[in-house]
2 protein chains.
Amino acid sequence: MRVAIVGATGAVGHELMAVLEKSQQEGKLKFDELQLYASPRSAGSKLTFAGKELTVQVTPDGPIDADVILASAGGSVSKALAHKWIQNGAVVIDNSSAFRYDADVPLVVPEVNGEAALRHKGIIANPNCTTAIAVVAVAPIHRKYGVKRMIVSTYQATSGAGQKGMDELLEQTHVVLHGGEASHKEFVHPIPFNVIPHIDVFQDNGYTKEEMKVQWETQKIIGDDSLKISCTAVRIPTLRTHSEAITLDLAKPATPAEIRELLSTAAGVEVRDDPEGKLYPMPLTATRKYDVEVGRIRESLVFDGGIDLFVSGDQLLKGAALNAVQIAEYLQAHGALGGAVSPQLSAVSP
Amino acid sequence: MRVAIVGATGAVGHELMAVLEKSQQEGKLKFDELQLYASPRSAGSKLTFAGKELTVQVTPDGPIDADVILASAGGSVSKALAHKWIQNGAVVIDNSSAFRYDADVPLVVPEVNGEAALRHKGIIANPNCTTAIAVVAVAPIHRKYGVKRMIVSTYQATSGAGQKGMDELLEQTHVVLHGGEASHKEFVHPIPFNVIPHIDVFQDNGYTKEEMKVQWETQKIIGDDSLKISCTAVRIPTLRTHSEAITLDLAKPATPAEIRELLSTAAGVEVRDDPEGKLYPMPLTATRKYDVEVGRIRESLVFDGGIDLFVSGDQLLKGAALNAVQIAEYLQAHGALGGAVSPQLSAVSP
């Protein structure tokens, strides 16, 4: 089984390598070849996978001879090239928003709608990070109690803008601490000690695309267009891990204890909800964790029988790399991807 | 007219001095004596007001001979001493939560319910910062359209924990930037590059006291106990100025244009709402500004005819010092405080 990463040198690419290595070690995804691709600027650089050095190649403008391609090279690259990459039979799991809203492209969070991945026609979309993190907590609640309305306010880390975003936060914070004035390039305004309620472009309805993605993608993943969602997406000066305050109006009333019980067995979720013990979701504890932390579960004060909760999930993991690898694992576990020649990496480079 | 500040050396005390000086210069609050008080630890220090040096005295355990006392020394000090301070006829405008929920203590935001201040019995409460900032934007909407439900998620600065809170953020951020591990004292967890959904103590219902304050105080200031409010209060790594994402369910439907028009003439509000021009509320622009910035005004996607908006207000100003001085100005303008002997400061120290 051959795996390719397109965009191997970016922040998500870096996480894809780590998640793939762990998945292989644990026998979850079996593959015997890993190909790495990036832009001409990064091509030729060497990356280490499972102790072996691999050379990054230029992203091809034609077929990629792999079984699964994990793409994280941005929407314009995927839009232009994904259909060419898959000409020899590969499936692309694409991290960009290029194909998410296409009717014939499954948008998949394995814990929620893994089976949709099996109906792909060559391309599977990985959801927006904010959506992926929210939906692992909300989908089990929707299944049991029916979510009618959902209000989301996000606390999004600079990792959402990739390594350059995190670098800008660190560098510009350093500038401010030394009495200087922060500049900005990756973000619309200076980010140190600031809050920017503007992520992605504004739509005609006054919402940003990032905010609308949460509605569009949650509806598609959960498979319920009647679910109403209002989101406010806000960039804050953290490095990685997005947090979200979520208020849910439910069709069937639920108590916090019932929700806590329900989520304690939900896949991809860690209930971290002990106010007395000062335990609740935070970037400090959720960073580099596969599970999404869910806590502050309490009765809504605006919806009878509704629930308020708070989630923190690593944007680079469940919000990107981890979810993509989990889709590949799901496909393989259901016989929809090539099997492994051996559990060890044999041929390591194209 | 004699003004006293209790807690003069704290972060809010510092802002009170600056706001008072400006108010006097602009002829808004007329007074001819300023007394400064603080804990024994800070007593004896010198502070400059309008070019004159004043000595900080120890907060008395008895009457303060002033007309108005602006107190920002914490709830326990106010609880223990406020009734003694006013024995000679002064009125206390108290920044702590000690008296906010007492039936005979007015809780006042001058733009919203200034007239309530005139009914005081010696003590007037200044609201919680988060509430004060939200209510200047929400009250005009409530008056015209009737707010039925309000969902608030906060982005609260470290200034909410005073100067020590801001110092901890700066110092510990420096530690992290130099490869160290952040420690914490003022906050429940390390604050650099983190998000802490825990401000003030937890209540039995799973909400923090900070979150409940927004409900209790908004209801009291607006004078409508039927208004339902769910809040998630979150500390983030910013220095000053709180931001809040607010979703409103309205009794009478409103359009974003109508709300923008309404708020454009509302006292204490600056509509900053031009997505194309990248203008929306942010700590970067709202810090040290008297008006609360309101923007991102858009149609709610969960409530028919409802509104989503975003506010940023300086926690130390409208959320504390400015509101207190505005209450004093309101009292004086309505003949409920001593007049000025002269617009200039004559006797400067007790």
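Ratio of chain A's C-alpha Rg to 2.2 N^0.38 Å, to two decimals?
0.99
Neighbouring Cβ atoms within 10 Å as the yardstick, rank A:THR241, B:THR238 fewest first.
B:THR238, A:THR241
Would you tally the net charge around B:GLU299, using a Cβ to Cβ cut-off of less than 13 Å, leaving B:GLU299 out, and scoring K and R as +1, D and E as -1?
Combined, the nearby Lys, Arg, Asp and Glu give -2.
Between copies, how far does the label point of A:ARG143 sit from its twins, in nm, shortest first, when each point is 7 Å from Cα along Cα→Cβ?
5.1
With springs only between Cα atoms under 10 Å apart, run a GNM on chain B and tell me which of B:SER45, B:SER78, B:SER153 wobbles the most.
Sorting by GNM fluctuation, first place goes to B:SER45.
Between B:ASN205 and B:ASP274, 0.36 nm times their residue separation minus their Cα-Cα distance comes to what?
Taking B:ASN205 through B:ASP274 to full extension adds about 21.0 nm, to one decimal.
Residues in segment B:171-207, backbone N under 12 Å from the label point at B:LYS164 (7 Å along the Cα-to-beta-carbon vector): list them, ranges by number please.
In segment B:171-207, the label zone of B:LYS164 (backbone N under 12 Å from the point 7 Å along Cα→Cβ) covers B:185-188.
Provide the FRET efficiency to the nearest 0.05 for the A:VAL188-B:ARG288 pair, computing r from the beta carbons and using R0 = 22 Å.
0.55
As a footprinting exposure proxy, order B:MET282, A:MET166 by other Cβ within 10 Å, with the fewest listed first.
A:MET166, B:MET282
Based on alpha-carbon atoms only, what is the radius of gyration of segment B:131-315 relative to the globular estimate 2.2 N^0.38 Å?
In units of the 2.2 N^0.38 Å rule of thumb, it is 1.07.
For the protein assembly as shown, what is the convex hull volume of its Cα atoms per residue in Å³?
Considering the Cα atoms of the protein assembly as shown, their hull volume per residue is 151 Å³.
Using the structure shown, list the pairs from A:LYS22/B:LYS164; B:LYS30/B:LYS228; A:LYS228/A:LYS289; B:LYS252/B:LYS318 with a Cα-Cα distance above 31 Å, or answer none.
The answer is A:LYS22/B:LYS164; B:LYS30/B:LYS228.
Amide H neighbours of B:VAL91 under 5 Å, at least 5 residues apart or on other chains, H built in the peptide plane: list them.
Result for B:VAL91 returns B:VAL68, B:ILE69.
If you build the Cα gyration tensor of segment B:103-222 and take the root of 5 times each eigenvalue, what three semi-axes come out, in whole angstrom, biggest first?
Each semi-axis is the square root of five times an eigenvalue, giving 34, 16, 14 Å.
List B:HIS174, A:HIS142, B:HIS83 from most exposed to least, where exposure is judged by having the fewest other Cβ atoms within 10 Å.
The fewest-first ordering by Cβ neighbours comes to B:HIS83, B:HIS174, A:HIS142.
Please give me the summed charge of the neighbours of B:GLU33: other residues whose Cβ is under 13 Å from its Cβ, Lys and Arg +1, Asp and Glu -1.
Cβ neighbours under 13 Å give a net charge of 0.
Quick one: if the Förster radius is 51 Å, what FRET efficiency do B:LEU118 and A:SER39 give, using the C-beta to C-beta distance and rounding to 0.05?
Efficiency, rounded to the nearest 0.05: 0.15.
Explain nothing, just the number: relative contact order of chain A, from Cα pairs under 8 Å at least 6 residues apart, as a whole percent.
22 percent
Can you give the net charge of the other residues whose Cβ lies under 15 Å from the Cβ of A:ASP67, counting K and R as +1 and D and E as -1?
In short, -2.
For a quick check, take a GNM of chain A with Cα springs below 10 Å and name the residue from A:LYS318, A:LYS278, A:LYS28 with the largest mean-square fluctuation.
In this elastic network of chain A, the residue with the biggest mean-square fluctuation among A:LYS318, A:LYS278, A:LYS28 is A:LYS278.
Which Cβ of chain A lies nearest the axis of the rotation superposing A onto B, and at what whole-Å distance?
A:SER153, 2
Starting from the 7 Å offset along Cα-to-Cβ, what nm value, one decimal, do you get for the label separation of A:THR255 and B:LYS79?
3.1 nm
Is any residue of segment A:239-256 close enough, with backbone N under 13 Å, to a label point placed 7 angstrom from the Cα of A:ASP304 along the Cα-Cβ axis, and if so, which?
Under cut-off, by backbone N: A:250-254.
Give a residue-ordered list of calculated ³J(HN,Hα) values for segment A:206-220 (Karplus: 6.51 cos²θ - 1.76 cosθ + 1.60, θ = phi - 60°; whole Hz; x for Gly, Pro).
Coupling constants for segment A:206-220: x, 8, 7, 4, 4, 5, 5, 4, 4, 6, 4, 6, 5, 4, 5 Hz.
Pick out which of A:PRO140, A:PRO110, A:PRO63 has the largest mean-square fluctuation in a Gaussian network model of chain A, springs linking Cα atoms closer than 10 Å.
Maximum fluctuation in the GNM of chain A, among the listed residues, is at A:PRO63.
Any read-out appearing in this document is the output of simple, stated calculations on the displayed coordinates, not a laboratory observation. The structure displayed is predicted, hence computed values, not measured ones. Every residue, glycine among them, receives a Cβ derived from its backbone with ideal geometry; neighbour counts consider all protein chains shown.
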